[in-house]
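Visitor: Have a look at the structure that comes next, please.
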Ligand SMILES: Nc1ccn([C@@H]2O[C@H](COP(=O)(O)OP(=O)(O)OP(=O)(O)O)[C@@H](O)[C@H]2O)c(=O)n1
Ligand SMILES: C[C@](O)(CO)[C@H](O)COP(=O)(O)O
């Protein structure tokens with residue numbers, strides 16, 4: 001029997017580039033922590049049977065409190081993560097019992113149902129899928145002296161987002177292999193790619209932003225149609 005879909009939502013980072021005292025996943029948007037906005041989108045999908053939130057060891061208790069406050073305790077488990085995003089994702093993967101997994105950044109609260117199910121469907125037909133948008137700017141490769149060394153053809157460049165969707169057993173093997181080889185990637189698909197897996201790109205939305213730097217908070221408040 002197919003054991004369905006789980007999701008790992010990672011929220012164990014320190015938010016260095018955001019520069020706030022409070023980690024960005026816990027900042028309030030319309031009085032609600034960013035990661036709760038994210039959890040609510042996934043918790044509303046009946047297709048998802050397990051949700052694991054990965055956070056810093058010191059934040060597990062307060063996350064559990066928030067999860068209860070927003071009545072998500074029947075849907076969401078909270079576990080401690082690791083030093084890098086990759087370590088946090090791996091902890092989350094080990095906690096799941098499903099056949100399929102979505103990995104999503106806790107600080108991407110504007111993802112929607114259509115984007116998530118689009119990714120799930122593409123993964124079930126091809127094995128792995130990521131949400132992405134075509135790059136809008138011209139991209140240049142620049143050397144250490146600030147000199148342009150190349151202008152890659154923009155038509156083949158995509159800006160990669162989450163969720164990223166995989167068969168759980170395949171992604172676990174990819175994570176174990178990366179850990180053995182000391183390979184650190186910036187997204188989950190990179191680890192699957194180095195195992196030779198084909199990853200389908202699913203066109204998402206430019207509003208599925210990751211809250212990374214301070215101006216992202218202003219845009220997030222605008223997207224929610226209210227104040228920060
Ligand atoms: N050890 C880590 C590092 C990151 N993340 C999560 O991975 C997502 C995307 O990472 P990023 O935007 O880089 O978050 P931070 O690592 O917090 O930010 P920074 O790199 O600016 O410190 C975030 O939801 C973050 O909480 C995580 O779970 N565990
Ligand atoms: C996974 C990711 O969100 C895809 O865009 C991104 O690669 C995370 O990278 P970061 O270095 O943690 O910002």
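Visitor: Looking at residue 166, is it surrounded by 15 or more Cβ atoms within 10 Å (Cβ to Cβ) and either in a loop (DSSP other than H, G, I, E, B) or modelled with pLDDT of 95 or more (or both)?
Guide: On the way: surrounded by 15 or more Cβ atoms within 10 Å (Cβ to Cβ): yes; either in a loop (DSSP other than H, G, I, E, B) or modelled with pLDDT of 95 or more (or both): yes.
For residue 166, the condition - surrounded by 15 or more Cβ atoms within 10 Å (Cβ to Cβ) and either in a loop (DSSP other than H, G, I, E, B) or modelled with pLDDT of 95 or more (or both) - is met.
Yes or no, residue by residue, for (1) within 15 Å of ligand 2 (Cβ to nearest atom); (2) touching a residue at least 12 places away in the same chain (Cβ under 8 Å); (3) under 19 Å from residue 174 (Cα atoms):
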residue: 86; (1), (2), (3): yes, yes, yes
residue: 92; (1), (2), (3): yes, yes, yes
residue: 97; (1), (2), (3): no, yes, yes
residue: 102; (1), (2), (3): yes, yes, yes
residue: 106; (1), (2), (3): yes, yes, no
residue: 114; (1), (2), (3): no, no, no
residue: 123; (1), (2), (3): no, yes, yes
residue: 127; (1), (2), (3): no, yes, yes
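Visitor: Please determine whether any residue of region 154-161 is closer than 22 Å to residue 53 by Cα, modelled with pLDDT of 95 or more, surrounded by 14 or more Cβ atoms within 10 Å (Cβ to Cβ) and in contact with a strand residue (DSSP E or B) (Cβ under 7 Å, 6 or more places away or on another chain). Break it down into steps so the answer makes sense when it comes.
Guide: Narrowing region 154-161 to residues closer than 22 Å to residue 53 by Cα: 160-161.
Keeping just the survivors that are modelled with pLDDT of 95 or more gives 160-161.
Narrowing further to those that are surrounded by 14 or more Cβ atoms within 10 Å (Cβ to Cβ): 160-161.
If we keep only those that are in contact with a strand residue (DSSP E or B) (Cβ under 7 Å, 6 or more places away or on another chain) as well, we get 160-161.
Checked region 154-161: at least one residue is closer than 22 Å to residue 53 by Cα, modelled with pLDDT of 95 or more, surrounded by 14 or more Cβ atoms within 10 Å (Cβ to Cβ) and in contact with a strand residue (DSSP E or B) (Cβ under 7 Å, 6 or more places away or on another chain).
Visitor: Would you mention how many residues in region 172-215 are within 16 Å of ligand 1 (Cβ to nearest atom) and assigned to a helix (DSSP H, G or I)?
Guide: Of the residues in region 172-215, 9 are within 16 Å of ligand 1 (Cβ to nearest atom) and assigned to a helix (DSSP H, G or I).
Visitor: Of (1) more than 12 Å from ligand 1 (Cβ to nearest atom); (2) in contact (Cβ under 8 Å) with a residue 12 or more places away in the chain; (3) part of a helix (DSSP H, G or I), residue 7 satisfies all except one. Which?
Guide: Condition not satisfied by residue 7: (3).
Visitor: Output the residues belonging to region 16-32 that are crowded, with 19+ Cβ neighbours inside 10 Å and within 16 Å of ligand 2 (Cβ to nearest atom).
Guide: Listed by number, the residues that qualify are 18, 23, 24, 25.
Visitor: Here is a list: 184, 131. Which entry is in contact (Cβ under 8 Å) with a residue 12 or more places away in the chain, within 13 Å of ligand 2 (Cβ to nearest atom) and under 19 Å from residue 13 (Cβ atoms)?
Guide: Working: 131 fails: under 19 Å from residue 13 (Cβ atoms).
Only one candidate passes the filter, namely 184.
Visitor: Okay, moving on. If a residue must be in a strand (DSSP E or B) and under 20 Å from residue 205 (Cβ atoms), how many such residues does region 138-160 contain? Step through it out loud before you land on a result.
Guide: We begin by selecting, within region 138-160, every residue in a strand (DSSP E or B); these are 141-142, 148-150, 158-160.
Then keep just the ones that are under 20 Å from residue 205 (Cβ atoms); that gives 158-160.
Counting residues in region 138-160 that are in a strand (DSSP E or B) and under 20 Å from residue 205 (Cβ atoms) gives 3.
The values are calculated or read from the model by the stated rules, or taken from the named source; none is laboratory data. All values derive from a computational prediction rather than experimental measurement. Glycine also receives a Cβ, built like all others from the backbone with ideal geometry; neighbour counts cover every protein chain displayed.
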